[in-house]
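Every read-out reported here was derived from the displayed coordinates using simple, explicitly stated rules and does not represent laboratory data. Just so we're clear, the structure is a prediction, and the values are computed from it rather than from any experiment. Ideal geometry is used to build each Cβ from the backbone, glycine not excepted, and the neighbour counts take in all protein chains shown.
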Amino acid sequence: MQVGKEKFIIAIDLGGTNLRVATVSFGGRIMQRVSIPTRAMDGVDAVIKRMTDKVIEMVGADKIRQAAALAVGAPGPTDPWAGVIISPPNLPQWVRVPLKQILEDRLQIKTFLGNDANVAALGEHRFGAGKGTKHMIYMTVSTGIGGGIIVDGKLLLGKNGGAGEIGHMTIDKDGPLCACGNIGCLEAIASGTAIATQTIRCLRSGERSSIRDEVGGDLSRVTAQVVVEEAMKGDQLAMEIMHDAATAIGIGVVNLVNLFDPEKVIIGGGVSNAGPLLFDPVRRIVKDRAMDIAWQGLEIVPTALGDDVGLVGAAALALAELRA
């Protein structure tokens, strides 16, 4: 269970764009890491082969069994008990893939699988901004919006492992169509994808903005990151779009704190890099709208683990399962 004298977990963060592999100490420290393109279009078998090849390359075939376990954070929906990836939108060929069993068979090591946002919540709770809390909510605002809910020190999974789908709260009953099939989901209004889509729509309608110059007139290059950067420079359109997104996220957080009464709400993902542009409106809306009992003592803070939250979270999942 150790490299030298330090016990470790093999952690995998499987994303639609990038595949990351690391060894993580029992204290949550990343010891080694590598990131490669997922290349999901190559098919399930090819991606799993690259995954196992990277594990072997990093740890060494003769030392894999020294790890306490291997854990994977993967896009949902997942069945965390069976270790099956069910049908994630950004991995379209991955339909009911028994990844846990495949990795155990190929690498001969105990393996655990979790929804990536739930895994991130575990990481923040054990090693990050939520350390020491009993009741905590983690929200990631990136390409999509996801999350994880910690109640009385334990991850809330629900009957099918699908609890914590924060991005699919209905915020506007007459809002845009979401990829999940619902109308007006938080993800369809305030995710990085939604921010870029709304910006492009405004620019095509003729609204003036420095964003157009920033992307050289090529609207396909508009991303949430560009919008955030231009909003920070004072561009009026970018500021309005970010305000609308932050307002929707704030309303979502109000719903969550009224339901779960957490000590902390932790927000991560690429859009959280907007800093005060995101956090100031969210905190103000929650203070104005949440029930007093939910607002009192509540902290709304950025992630402490940043881009490492998926890898550290996978290690936290393994540690929780091993100790259970």
Fill in the blank from the handout: Helix 44-59 sits off the longest principal axis of the Cα atoms of the chain, rounded to the nearest 10 on a 0 to 90 degree scale, by 60
Fill in the blank from the handout: With 0.36 nm assigned to each residue of separation and the Cα-Cα distance removed, I56 to E207 gains 49.1 nm
Problem - Answer label, with percent of Cα pairs over 38 Å apart calculated from the coordinates and candidates [x] 10; [y] 16; [z] 27 - result: [y]
Problem - Rounded, prolate or oblate (a/c below 1.5 giving rounded, otherwise prolate when a/b exceeds b/c) for the stretch 274-324 by Cα gyration tensor - result: oblate
Fill in the blank from the handout: Looking only at aspartates and glutamates whose Cα falls under 12 Å of K154's and that sit 8 or more positions away or on another chain, we get E321
Completion exercise
In debye to the nearest 20, the charge dipole size for the stretch 242-294, taken about the Cα centre with +1 at each Lys and Arg Cβ and -1 at each Asp and Glu Cβ, equals 60
Completion exercise
Counting as exposed only chymotrypsin sites (Phe, Trp or Tyr not before Pro) in DSSP loop states with no more than 16 other Cβ atoms inside 10 Å, the longest exposed-site-free span of the chain is 82-324
Handout entry: Only Lys, Arg (+1) and Asp, Glu (-1) charged, at Cβ; the chain dipole about Cα centre in debye
Key = 920
Practice task
Give me the distance in nm between label points sitting 7 Å out from Cα along the Cα-to-Cβ direction at M232 and K131, one decimal.
Solution key: 2.6
Problem - Cross-link table K54/K264; K49/K159; K159/K264; K100/K264, entries beyond 29 Å C-alpha to C-alpha - result: K54/K264; K49/K159; K100/K264
Completion exercise
Taking the alpha-carbon centre of each part, the distance from the stretch 1-66 to the stretch 129-184 in Å is 26
Handout entry: V151/I183 FRET efficiency (R0 22 Å; Cβ-Cβ; nearest 0.05)
Key = 0.15
Practice task
Can you bin the stretch 83-203 into rounded, prolate or oblate? Criterion: square roots of the alpha carbon gyration tensor eigenvalues sorted a ≥ b ≥ c, rounded for a/c under 1.5, prolate for a/b above b/c, oblate for the rest.
Solution key: oblate
Fill in the blank from the handout: If unit charges are put on Cβ atoms (+1 for Lys and Arg, -1 for Asp and Glu) and the dipole of the chain is taken about its Cα centre, the option from G269, V72, M291 lying farthest towards the positive end turns out to be V72
Exercise for the section: May I ask for the angle, rounded to the nearest 10°, between helix 276-289 and the longest principal axis of the chain, with both axes built from Cα atoms and the value confined to 0 to 90°? Expected result: 80
Exercise for the section: Scan the chain and hand back the longest stretch that contains none of the trypsin sites (Lys or Arg not before Pro) lying in DSSP loops with at most 15 other Cβ atoms within 10 Å. Expected result: 234-324
